1. In region 221-254, how many are crowded, with 21+ Cβ neighbours inside 10 Å and part of a loop (DSSP other than H, G, I, E, B)?
2. Would you point out the residue of region 316-346, among those that are of a type in the set (V, I, T) and touching a residue at least 12 places away in the same chain (Cβ under 8 Å), that is surrounded by the fewest Cβ atoms within 10 Å (Cβ to Cβ)?
3. Exactly one of (1) farther than 26 Å from D227 by Cα; (2) open to solvent by 20 Å² or more (accessible area, probe 1.4 Å); (3) not hydroxyl-bearing (S, T, Y) is unmet by A170. Its number?
4. Looking at region 209-216, is at least one residue at negative phi, surrounded by fewer than 23 Cβ atoms within 10 Å (Cβ to Cβ), acidic (D, E) and not in a loop (DSSP other than H, G, I, E, B)?
5. Give me the residue from region 269-315 that is touching a residue at least 60 places away in the same chain (Cβ under 8 Å) and touching a Lys or Arg at 6+ places or on another chain (Cβ under 6 Å) and, out of that set, farthest from P374 (Cα to Cα).
6. Are any residues in region 283-315 of a type in the set (A, V, I, L, M) and either over 14 Å from A242 (Cα atoms) or open to solvent by less than 10 Å² (accessible area, probe 1.4 Å) (or both), and if so, which ones?
7. Quick one: is I382 of a type in the set (A, V, I, L, M), open to solvent by less than 20 Å² (accessible area, probe 1.4 Å) and not in a loop (DSSP other than H, G, I, E, B)?
Amino acid sequence: MINHHSALIYVMVLVSACDGDMTDAELEAIGENVRYLPIFKDFDIDRLTDVTRECSGLLADADGLETTLQIVKEAIPSKLSENRLRARLRHRGGGSVGLAGGAAHAGAAPAQAGRGPAVCRRHRTRRAGAPHPPVTAGDMTGPGGLAGRTVGVIGLGLMGRPMARNLAKAGAALVISSRSPGPVEELAAEGMSPAANPAEVAARADSIVLMLSDTVAVEAVAASLMDALRPGHLVIDMGTTAVGATRKLAEAVRAKGADWVDAPVSGGTVAAEAGTLTIMAGGTEEAFARALPLFQAMGQRITHVGDSGAGQVAKMANQVIVALSIGAVAEALALAKAAGVEPGKVRDAIRGGFAESRILELHGQRMVSGDFTPGGRVLTQIKDLKQAEELAEQSGIQLPALGLSLELFELLAEQGDGGLDHSALYRLFVK
């Protein structure tokens with residue numbers, strides 16, 4: 001049975017490559033080369049090659065784009081929306097449409113041979129006011145820095161538990177709530193005070209940290225908090241939440257006389273446990289200043305990015321980089337293995353050069369060892385990338401590498417690996 005995401009990737013790559021100039025023999029040779037790759041193991045490659053041949057040469061104009069869209073939709077069932085399919089075809093087909101969205105402006109340079117469409121770059125001016133400078137380890141509060149403050153933490157998953165522990169170590173009295181009773185019982189045994197529901201957390205705490213799974217969960221908890229909020233309350237959302245929803249929630253909370261700060265984090269469970277999270281915050285200067293002592297108990301690099309929603313925009317950018325970097329490391333190590341060289345040795349060889357990164361260091365090791373115990377789950381990565389893609393669409397920009405990365409992670413989840421660490425993307429490329 002053909003997997004719709006990878007089949008679409010295959011056809012689009014070949015359509016882009018042939019552009020009407022590739023011979024039947026060359027198309028068939030490509031099919032033979034990819035036939036035995038794990039990602040295409042269940043495919044009818046001959047059928048996909050036929051579809052590619054039918055589509056080739058059609059992408060030069062809008063009519064051809066629509067024809068290709070219909071051919072691909074009929075031949076390869078896909079969960080992708082028609083607009084998303086059209087976008088994939090458009091940025092692979094050349095013609096007059098630039099990646100920044102809309103028709104390329106008059107006088108734009110034509111595409112160079114073999115380099116895809118000309119890109120119409122959209123320049124944006126940065127709003128007045130520089131971001132708050134990062135806070136480093138030397139600025140962090142010492143033990144007891146939160147003495148006298150009562151902090152509520154709602155959401156005690158892989159990230160929420162160690163973050164709550166670090167707030168307690170800094171001297172805060174913790175009131176805790178979570179959908180699952182196990183983590184609440186675990187932290188209650190360490191001296192934290194359980195609450196029956198989010199409203200009770202708000203009644204007992206002056207500051208409330210949310211570390212929840214997705215936008216739907218944040219909106220549900222926020223709705224239950226609203227009646228309990230009072231002037232002076234501080235609500236900090238440290239999960240990854242949609243930008244539009246974040247701005248609406250911030251406005252609703254401010255109407256109650258309270259403050260909302262969006263402060264998503266990066267660094268995974270390792271940094272959460274060590275208290276060295278990277279924290280990117282959005283909100284007013286006053287709200288950020290109130291939240292800063294809490295951030296210093298949980299993080300090492302802390303930046304006030306801008307107004308409400310700015311922290312979530314920064315997190316979207318972060319997640320795009322993380323996903324694409326995981327993909328790059330996975331493909332590089334898979335290449336090493338396929339070429340008969342030990343991936344671990346290759347990883348060691350390239351560490352410290354231009355390829356060095358936190359992803360190569362941590363996730364590269366997970367790929368080498370085959371230990372995909374979740375720090376950041378595949379399903380969470382998919383959720384974040386979907387939010388990033390939605391933000392890109394709302395902002396009028398197309399991000400083709402983001403779209404391909406999302407499709408690969410979705411394919412990984414479809415084969416039953418959604419609960420693994422996102423570094424398990426490596427499993428798509430190796431047997």
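The values are calculated or read from the model by the stated rules, or taken from the named source; none is laboratory data. Predicted model, so just to flag it, every value in this text is computed and none were measured. For neighbour counting, all protein chains shown are included, and Cβ atoms are generated from backbone atoms with ideal geometry for every residue, glycine included. Ligands, DNA and RNA are stripped out before the accessible areas are found, and what is left, the full protein with its side chains, is counted by its heavy atoms. Shrake-Rupley method; radii C 1.70, N 1.55, O 1.52, S 1.80 Å.
1. Of the residues in region 221-254, 6 are crowded, with 21+ Cβ neighbours inside 10 Å and part of a loop (DSSP other than H, G, I, E, B).
2. We begin by selecting, within region 316-346, every residue of a type in the set (V, I, T); these are 320-322, 326, 329, 341, 346.
From what's left, touching a residue at least 12 places away in the same chain (Cβ under 8 Å): 320, 322, 326, 329, 346.
Numbers: V320: 21, V322: 22, I326: 27, V329: 26, V346: 19.
Among residues in region 316-346 that are of a type in the set (V, I, T) and touching a residue at least 12 places away in the same chain (Cβ under 8 Å), the one surrounded by the fewest Cβ atoms within 10 Å (Cβ to Cβ) is V346.
3. (2)
4. Quick first cut of region 209-216, residues at negative phi only: 209-216.
Filter once more, keeping what is surrounded by fewer than 23 Cβ atoms within 10 Å (Cβ to Cβ): 213-216.
Next cut, acidic (D, E) only: 214.
Those still in the list that are not in a loop (DSSP other than H, G, I, E, B) too: none.
Scanning region 209-216 turns up no residue that is at negative phi, surrounded by fewer than 23 Cβ atoms within 10 Å (Cβ to Cβ), acidic (D, E) and not in a loop (DSSP other than H, G, I, E, B).
5. Going through the qualifying residues, I end up with S308.
6. Of everything in region 283-315, those that are of a type in the set (A, V, I, L, M) and either over 14 Å from A242 (Cα atoms) or open to solvent by less than 10 Å² (accessible area, probe 1.4 Å) (or both) turn out to be A287, A289, A291, L292, L294, A297, M298, I302, V305.
7. Working: of a type in the set (A, V, I, L, M): yes; open to solvent by less than 20 Å² (accessible area, probe 1.4 Å): yes; not in a loop (DSSP other than H, G, I, E, B): yes.
Here the answer is yes, as I382 does meet what is asked.
Yes/no per residue for (1) among the hydrophobic types (A, V, I, L, M, F, W, C); (2) within 28 Å of the chain's Cα centre (by Cα); (3) under 20 Å from A274 (Cα atoms); (4) part of a loop (DSSP other than H, G, I, E, B):
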| residue | (1), (2), (3), (4) |
| --- | --- |
| L146 | yes, no, yes, yes |
| M163 | yes, yes, yes, no |
| E200 | no, no, no, no |
| E219 | no, yes, no, no |
